[in-house]
């Protein structure tokens, strides 16, 4: 397994130079890959996606993918930027969500981009039955399994790994502060850094080893608290690295 991290902790990056500084820090800490949060990238890189690949490669990192709420334009950007996969969350009316996701998956496939369902809390596909519904009907859809969102929605993470072992293409790692009803979860309060909540990451990572998962496990930081991005990310890196 390869350990990566999203750029989310650093917030909005206004210039390519600021992204370069972040990529340098990510590499220095020891990560092998980076998840590019499209909404927080410099406008210059949104306008000129061909600049992304050489920038990421300059720091010896793998491009671990980006996010889309189902916008097809993100697929075109991914192809031009050398971004191999997109984790996608669909919001709103569940009846409309299925055809929207299907169109996204089909368009991504045609462009050579992997589309992965992101099991995001309060999206159209968050519970075990909702995930199964679309995974069983869309054979080209992969899974980006998010630990905190999953546990918050009542998923058994280890059982989910077993069930979709051949379709999981990315793991998002973050912790959950406490077991609460789904409608009471506040992301920036209840999604905490790995090792600071109730999730058993040792068990999850062992299950991934058992099924032969060799992809990226991507650290996500939702709330920094009193730490700097570097402090929070480095703490998470060492916590997960010891378990790997």
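Bear in mind these aren't lab numbers, they're just calculated from the coordinates by the rules spelled out. Predicted model, so just to flag it, every value in this text is computed and none were measured.
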Expected max-MSF residue from 206, 43, 227 in the GNM of the chain (alpha carbon, under 10 Å) is 227
For the chain, set up a GNM with springs between Cα atoms under 10 Å and report which of 99, 16, 229 has the largest fluctuation.
99
Extension gain (nm, one decimal) between residue 167 and residue 58, 0.36 nm per residue minus Cα-Cα
36.2 nm
Please work out the C-alpha center-to-center distance from segment 81-105 to segment 214-229 and express it in whole Å.
24 Å
So how far, in whole Å, is the C-alpha centre of segment 1-47 from the one of segment 165-196?
21 Å
Highest GNM mean-square fluctuation among 159, 115, 124, for the chain with Cα springs under 10 Å, belongs to 159
Give the relative contact order (percent, whole number) for the chain; include only Cα pairs under 8 Å separated by 6+ residues.
19 percent
If you restrict to DSSP beta bridges whose two residues both lie in segment 2-243, what percentage is antiparallel, to the nearest 5?
5 percent
Relative counts (whole %) of C-alpha pair distances in segment 2-243, using bins that are 10 Å wide
7, 33, 39, 20, 1
In square nanometres, what is one fourth of the surface area of the convex hull spanned by the alpha carbons of segment 31-105?
5.2 nm²
